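Down below is the structure, laid out as structure tokens.
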Amino acid sequence: MPFNPENTLWYDHWLQLKQNRSALLGLAIIGAFVVVAFLAPVLATHDPLVQNVSLRLSKPFENGYLLGSDDFGRDIFSRILYGARISLVIGAIAIGISLTVGTALGLISGFYGGTLDVLIMGLVDVMLAFPYILLAIVIVSILGPSLNNAMIAIGIVGIPRFARIIRAQVLAEKENDYVMVERSLGTSDLELMMVSILPNCMAPIIVQVTLGYAGAILSSAALSFLGLGTQPPTPEWGLMLASAKQFVASAWWVVTFPGVAILLSVLGFNLFGDGLRDILDPRLKD
Amino acid sequence: MIKYITKRLILLIPTLFGVVTIVFFMMSLAPGDPARLALGAHATPEAVEAMRHELGLDRPLHIQYLNYLKQVAVFDFGKSIKTGEPVLYELLSRFPATIELSVVSIIISTILGILAGIISATRQNSMIDFGAMFAALVGVSMPVFWLALILIMVFSVGLNLFPTGGRINIRLFMDPLTQFYLLDAIVYIFREGDFSYFLSALKHIILPAVALATIPLAVIARVTRSSMLEVVRQDYIRTARAKGLSERTVIYKHALRNALLPVITIIGIEFGYNLAGAVLTEEIFSWPGIGRWLYSAVTARDIPAVQGGVILIAVVFVLVNLAVDIFYAYINPKIRY
Amino acid sequence: MKGTGILLMTILVLICFTTPINAAQKTLVYGKSQAAIALDPGVVDEGGSSIVVSQIFDSLLAYEPGGTKVIPALAEKYEISADGKEITFFLRKGVKFHDGTDMDADAVVFSLARQQFKDHPYNQYGPWKYWDTSGFKDMFKKDGSLKKKGIIKDIVKTDDHTVKVLLNKADAAIMVNFTLYFTSIVSPTAVKKYGADFRKNPVGTGAFKFVKWVKDDHVLLKKNKAYWGEKAKVDNLVFKVFPDATARSMALIKGEVDIIEPPDADNLKELEKNPRVKIMSKEGLTMGYICMNVERKPFDNKLVRQAVNHAIDKNEIIQAVYGKLGSAATMPLPPSLWGFNKNIAPYTYDPGKAKELLAKAGHADGFEVDLFALPVSRPYNPNGKKVGEIMQAQLKKVGINAKIVTYDIGTYWDKVDAGEFDMCMTGWSGEPDPNDWLHRLFTAGYLNSARWKNDVYTDLVTRARSISNVAQRTGLYEKAQEIIHEEAPIVMLAYGVLTAPMRDNVEGHIIYPSSKLVLRHISLK
């Protein structure tokens, strides 16, 4: 076949994306964060973990601290740079968990239907009965506070959304002729799911991954802020804010910069995700 | 209608059963022995053993589960380890504070959100539209706990306009009857002609309410805008316009009424989130609501409290969402039940 | 319009049923860090509740204001029999509980016996945490046989104003327990009336009466005009909860509260700058220290423990965490106490030496440990997590990788007591006798968190306990300190300074070295 419709479809999307200013802005922000994460050792002016108690709470530009120092005399600028690594990794792993488990559940549920569907969707409904952050807090409190457990908790909490989206897609795809044809040709269920149905669900998955990434960064920062996520001395943005309340009267820079980093990175993913949704899946729009 | 509501309520039962089951087994995995925690650090093994027996912890897990189901069925969620009080009482005594905060913040976000949405929609693709929608996206991306800190830093420490936390100036000695302080304070205006109670309660609620309103505000603005745009494209709006009605009448009388249907759903959902998920805001503003209570139960490993608290909050969350659905069905003539 | 009607009705009902408040009265507002949990002095075991019950209840004995001498309170005097097995309390006459009933021998027996005897009708409203763990009562095994005999045999009334506490064996340390809040005398009438709810409706004999408690927010007390002792000088007392140290000090600056529990060192600096705020402080009998678990590798090696002592820069920790709330510590007892050995040169901060010692111990490449960070603020350690983070960085410099571990406070002490840690933070607020520090904390018993055992040391401090000559005891204690310094089971961190920031119109506050809070001395100008 000389003509591959899928290629042109994705190319089409790319052209649309180039037209969407806010999506491009989002992509640029994400790109900047990825670059910062990779180049942190080069860009950082200090070791993010080295303390200098005698220079604690230095103002921005004072004593060689670009964005000031925290209450242990650590460089806030360097910690924010390294924090980009942590947040990107947390987001990736958490989304990885939600995506894998959620997709598997959604595929099985949609493909087989029947009792399995009722059970899985029942479980999904129950999970959605808990407010997002509350469920994450409870899971972490059971597993114990740590970076890994926070990622697992955020990953688990994100499963139901993926499961629902995939199931809806599978239900729609299942009725298509090509599925009927392949089935009659004796293609195995697994092959059918993985090779035929799943690729056709890519659009909503990509959108959900991008938006979910933003949510994961926010949630992990919130968990660390509460002392339930990353543990000291790791330079994580939420953790950097955990003791910041004590400085609202005396050291604004300790309070301000890590939050700006969180906001910007989340905004980047949301802008991009929003743009993608407009292009790939207009039906999902709000 | 009644049939519809009954059906939805019946459908709720398996969900709630699932909630109780999941929470029970999740918490049974939690480290920490409730008996030990109840007795304090230096209790003897014998005392712990006796307490375990009293709490039924020495029985097999499935028996414990069945017993818990029986208890929950009659709204007995056990007693908090930390305080020795029934969990239900503990939670209900903190609920008014959370409801008050959620109501005020949802009022703020509804008014401003709908307004912003309408303005954006009526000036589609203008700079105002673009700016408002960008702001809304910033709002959705906002780490609320950080915003709360910034609000405190700027408005309560820097400008000295608002207090940093709490519900009312303690020196006023308000004797709250309803536990909804704003309501109680209105009573003082009538009874004593004294506005200071109301002003103090208002001053205390503004910052946390604004912090909590950010995300709903942004979401409501976005939904209002897209819903408006969709409605404006409908035939009957075109007809209205064709009839020569003024743009104002068209927008506010015809379009808005229909466009608000999905917005109401969103408001309800966001209200549910606020009721149940205000942990961080309540924590930062020392707001004595259920979020803060549950968080401190989590950190103290008060297992019965967490167990009961999470179940109850989930129930409230589900019921609010159900109420929204029913209300939506009620006002939307297109849905047949 | 039906809604409006209902609203009007509601408002009308509200207007009729809320009680008016007298704003002209003098009210003292105390800003504290932890919310009260229960207000029955028998069941309390944490600071949020204990500072409230201390105002509502009295014990049989008390500390002198601002000092450490035991003075009579609800007991006018007491006698100890020659064999030390019988304590007779002669009760103050004419004292009434807040509910108007008499404080008499029946009430004293009731208050103590409900905690002591399993078959007491009001024993079920426990658990009586301190009483259960103080060794007062018999402990039984699972099969019901006696495991360990308790100190107290019986509590009996001999006449309306005399109570005898009969002991199974003599114990010189027991008297101090009768100054503490868990031996407070409660109104039996009120306990019988409220049952399990007594903890929400406390009735005692104290200088303040209970009025109202809004959970997680505040407790309102009012002056007890019929108080038997020095009466309170304010009409109302409010305990308002500010879990956050910054919010607490901000409230003080804004005048929302009159006096607060000490905030962080950085907040304290801000407070010092404020002309409307004054700060009282007093050296307390309190010290913070780090235990190394000598039962675990590598801390079974003395050289490693010494190395850690050289690796920790206390001054940095004091500067960043304690500020004026503490001073660097050297020996495991406060320097103001007799018996303190001034002649021992403290460990210097010397990472080079630390590395050398580690190499000698075979740990040139360092090792990994868990460092338990104290999860709550205490007079001897205002911020355990911060101390942990600084120690973590300091230890890293000599190759020790410390992982900071923290739990809720209950689990924390459980794990520490069970020895399930490598390094942990702990501290002690004790009595003005070296025995309470050197013997209590470093011989057998759960308080010996480092699990360090040294026969020579134990012999020295045990001998010192049995003699009454202070000079002789001093000699023994000084020798004991040489041993503990050399063996280094702990890193001494800081001696706490008890601090009370208050508005400038607050007069007459007295800080008790034992950390007990007594607010009846305060007047508002």
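Among (1) farther than 27 Å from C:THR411 by Cα; (2) within 14 Å of chain B (Cβ to nearest Cβ); (3) surrounded by fewer than 22 Cβ atoms within 10 Å (Cβ to Cβ); (4) in contact (Cβ under 8 Å) with a residue 12 or more places away in the chain, which single condition is A:PRO160 missing?
Going through the list (1) farther than 27 Å from C:THR411 by Cα; (2) within 14 Å of chain B (Cβ to nearest Cβ); (3) surrounded by fewer than 22 Cβ atoms within 10 Å (Cβ to Cβ); (4) in contact (Cβ under 8 Å) with a residue 12 or more places away in the chain, A:PRO160 breaks only (3).
Assess whether B:ILE114 counts as being part of a helix (DSSP H, G or I), more than 12 Å from every other protein chain (Cβ to nearest Cβ) and modelled with pLDDT of 90 or more.
Details: part of a helix (DSSP H, G or I): yes; more than 12 Å from every other protein chain (Cβ to nearest Cβ): yes; modelled with pLDDT of 90 or more: yes.
Taking the combined requirement at face value, the residue satisfies it.
Return only the number of the condition from (1) part of a helix (DSSP H, G or I); (2) surrounded by fewer than 23 Cβ atoms within 10 Å (Cβ to Cβ); (3) at pLDDT below 90; (4) not hydrophobic (A, V, I, L, M, F, W, C) that C:LYS297 does not satisfy.
Among (1) part of a helix (DSSP H, G or I); (2) surrounded by fewer than 23 Cβ atoms within 10 Å (Cβ to Cβ); (3) at pLDDT below 90; (4) not hydrophobic (A, V, I, L, M, F, W, C), the lone unmet condition for C:LYS297 is (1).
Is there a residue in the range B:86-101 that is touching a strand residue (DSSP E or B) at 6+ places or on another chain (Cβ under 7 Å) and surrounded by fewer than 20 Cβ atoms within 10 Å (Cβ to Cβ)?
Yes, because at least one residue in the range B:86-101 is touching a strand residue (DSSP E or B) at 6+ places or on another chain (Cβ under 7 Å) and surrounded by fewer than 20 Cβ atoms within 10 Å (Cβ to Cβ).
Would you say A:SER219 is within 30 Å of C:VAL387 (Cβ to Cβ), of a type outside the set (Phe, Trp, Tyr) and away from chain C (no Cβ under 14 Å)?
Answer is yes for this residue.
Considering each of C:THR286, C:THR246 in turn, give the residue that is among the hydroxyl-bearing types (Ser, Thr, Tyr), in contact (Cβ under 8 Å) with a residue 12 or more places away in the chain, part of a strand (DSSP E or B) and crowded, with 22+ Cβ neighbours inside 10 Å.
It is C:THR286.
Give the residue that is nearest to the other protein chains (Cβ to nearest Cβ), with candidates limited to residues of the range A:259-286 that are under 16 Å from B:VAL223 (Cβ atoms) and at pLDDT 80 or above.
Ranking the qualifying residues of the range A:259-286, first place goes to A:ASN270.
Take C:VAL257 and decide whether it is within 14 Å of chain B (Cβ to nearest Cβ) and under 25 Å from the mean Cα position of the chain (by Cα).
For C:VAL257, the condition - within 14 Å of chain B (Cβ to nearest Cβ) and under 25 Å from the mean Cα position of the chain (by Cα) - is met.
What helices (runs of 4 or more DSSP H) lie completely within the range B:246-317 and have 1 or more residues being more than 10 Å from chain A (Cβ to nearest Cβ) and small (Gly, Ala, Ser)?
Those helices (runs of 4 or more DSSP H) span B:256-277, B:290-299.
Looking only at the range C:362-393, count how many residues are farther than 25 Å from A:SER141 by Cα and either touching a helix residue (DSSP H, G or I) at 6+ places or on another chain (Cβ under 6 Å) or within 14 Å of chain B (Cβ to nearest Cβ) (or both).
Adding up the residues that qualify gives 1.
Does C:PRO243 count as touching an Asp or Glu at 6+ places or on another chain (Cβ under 9 Å) and away from chain B (no Cβ under 14 Å)?
Criteria not met by C:PRO243.
What's the number of the only condition in (1) crowded, with 23+ Cβ neighbours inside 10 Å; (2) touching a Leu at 6+ places or on another chain (Cβ under 8 Å); (3) facing chain A (nearest Cβ under 10 Å) that B:VAL223 fails to meet?
That leaves (2) as the condition not met.
Can you tell me how many residues within the range A:64-98 are of a type in the set (A, V, I, L, M, F, W, C), in a loop (DSSP other than H, G, I, E, B) and farther than 16 Å from A:TRP237 by Cα?
Residues meeting the conditions: 1.
Filter the range C:249-283 for residues that are crowded, with 24+ Cβ neighbours inside 10 Å and β-branched (Val, Ile, Thr); which is modelled with the highest pLDDT?
Among residues in the range C:249-283 that are crowded, with 24+ Cβ neighbours inside 10 Å and β-branched (Val, Ile, Thr), the one modelled with the highest pLDDT is C:ILE260.
For (1) modelled with pLDDT of 90 or more; (2) part of a helix (DSSP H, G or I); (3) closer than 26 Å to C:ASN177 by Cα, each residue gets a yes or a no:
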residue: C:LYS453; (1), (2), (3): yes, no, no
residue: C:THR462; (1), (2), (3): no, yes, yes
residue: C:ALA480; (1), (2), (3): yes, yes, no
residue: C:HIS485; (1), (2), (3): yes, yes, no
residue: C:MET492; (1), (2), (3): yes, no, no
residue: C:GLY496; (1), (2), (3): yes, no, yes
residue: C:ILE511; (1), (2), (3): yes, no, yes
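What about B:VAL72, is it more than 10 Å from every other protein chain (Cβ to nearest Cβ), touching a residue at least 40 places away in the same chain (Cβ under 8 Å), outside any strand (DSSP E or B) and buried (at least 16 other Cβ atoms within 10 Å of the Cβ)?
Spelling it out, B:VAL72 is indeed more than 10 Å from every other protein chain (Cβ to nearest Cβ), touching a residue at least 40 places away in the same chain (Cβ under 8 Å), outside any strand (DSSP E or B) and buried (at least 16 other Cβ atoms within 10 Å of the Cβ).
I'd like to verify a number: residues in the range C:63-121 that are aromatic (Phe, Trp, Tyr) and in contact with a Lys or Arg (Cβ under 6 Å, 6 or more places away or on another chain), how many? Full working, then the answer.
Step one: list which residues in the range C:63-121 are aromatic (Phe, Trp, Tyr), which gives C:63, C:78, C:89-90, C:97, C:110, C:117.
This time we only want the ones that are in contact with a Lys or Arg (Cβ under 6 Å, 6 or more places away or on another chain), so: C:90.
The qualifying residues number 1.
So which residues in the range C:198-232 are of a type in the set (A, V, I, L, M) and part of a strand (DSSP E or B)?
Filtering the range C:198-232 for residues of a type in the set (A, V, I, L, M) gives C:203, C:207, C:211, C:214, C:219-221, C:226, C:232.
Residues satisfying the conditions are C:VAL211, C:VAL214, C:VAL219, C:LEU220, C:LEU221.
Determine whether B:PHE77 is within 24 Å of the chain's Cα centre (by Cα), surrounded by fewer than 18 Cβ atoms within 10 Å (Cβ to Cβ), under 30 Å from A:VAL157 (Cβ atoms) and of a type outside the set (S, T, N, Q).
Judged against the criteria, B:PHE77 is not a match.
Of the residues B:PHE145, B:PHE134, which is farther than 21 Å from C:ASP216 by Cβ, in a helix (DSSP H, G or I) and of a type outside the set (Lys, Arg)?
Numbers: B:PHE145 fails: farther than 21 Å from C:ASP216 by Cβ.
Going through B:PHE145, B:PHE134 in turn, the sole match is B:PHE134.
Does A:PRO232 count as away from chain B (no Cβ under 11 Å), free of Cβ contacts under 8 Å to residues at least 12 places away in the same chain and farther than 19 Å from A:THR103 by Cβ? Spell out the reasoning first.
Working: away from chain B (no Cβ under 11 Å): yes; free of Cβ contacts under 8 Å to residues at least 12 places away in the same chain: yes; farther than 19 Å from A:THR103 by Cβ: yes.
Spelling it out, A:PRO232 is indeed away from chain B (no Cβ under 11 Å), free of Cβ contacts under 8 Å to residues at least 12 places away in the same chain and farther than 19 Å from A:THR103 by Cβ.
Residue by residue, here is whether (1) at pLDDT 95 or above; (2) crowded, with 19+ Cβ neighbours inside 10 Å; (3) within 14 Å of chain B (Cβ to nearest Cβ) holds:
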position	(1), (2), (3)
C:LYS397	no, no, no
C:TRP413	no, yes, yes
C:TRP437	no, yes, no
C:TYR446	no, no, yes
C:THR458	no, no, no
C:ASN469	no, no, no
C:GLN472	no, no, no
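Conditions first: (1) at the interface with chain A (Cβ under 10 Å from one of its Cβ atoms); (2) more than 24 Å from C:TYR30 (Cβ to Cβ); (3) of a type outside the set (S, T, N, Q); (4) free of Cβ contacts under 8 Å to residues at least 24 places away in the same chain. B:GLU230 passes all but one, so which condition is the exception?
Here B:GLU230 clears every test but (4).
Consider B:SER120 carefully, then state whether it is more than 14 Å from chain A (Cβ to nearest Cβ), part of a helix (DSSP H, G or I) and out of contact with any strand residue (DSSP E or B) (no Cβ under 9 Å at 6 or more places or on another chain). Please lay out each step first, then the result.
Working: more than 14 Å from chain A (Cβ to nearest Cβ): no; part of a helix (DSSP H, G or I): yes; out of contact with any strand residue (DSSP E or B) (no Cβ under 9 Å at 6 or more places or on another chain): yes.
No, not satisfied.
Restricting the search to the range A:141-157, which residues are aliphatic (A, V, I, L, M) and surrounded by fewer than 24 Cβ atoms within 10 Å (Cβ to Cβ)?
Those that are aliphatic (A, V, I, L, M) and surrounded by fewer than 24 Cβ atoms within 10 Å (Cβ to Cβ): A:ILE142, A:LEU143, A:LEU147, A:ILE152, A:ILE156.
Would the range C:346-367 turn up any residue that is surrounded by 16 or more Cβ atoms within 10 Å (Cβ to Cβ) and within 25 Å of the chain's Cα centre (by Cα)?
no
Facing chain A (nearest Cβ under 9 Å), surrounded by fewer than 22 Cβ atoms within 10 Å (Cβ to Cβ) and farther than 16 Å from A:LEU228 by Cβ: does that describe B:VAL320?
No: the conditions fail for B:VAL320.
Among C:LYS137, C:LYS142, C:LYS129, which is the only one that is in contact with a strand residue (DSSP E or B) (Cβ under 7 Å, 6 or more places away or on another chain) and modelled with pLDDT under 95?
The match here is C:LYS137.
The values are calculated or read from the model by the stated rules, or taken from the named source; none is laboratory data. Not measured: the values here are computed from a predicted model. We place every Cβ from the backbone using ideal geometry, glycine too, and count neighbours over all the protein chains shown.
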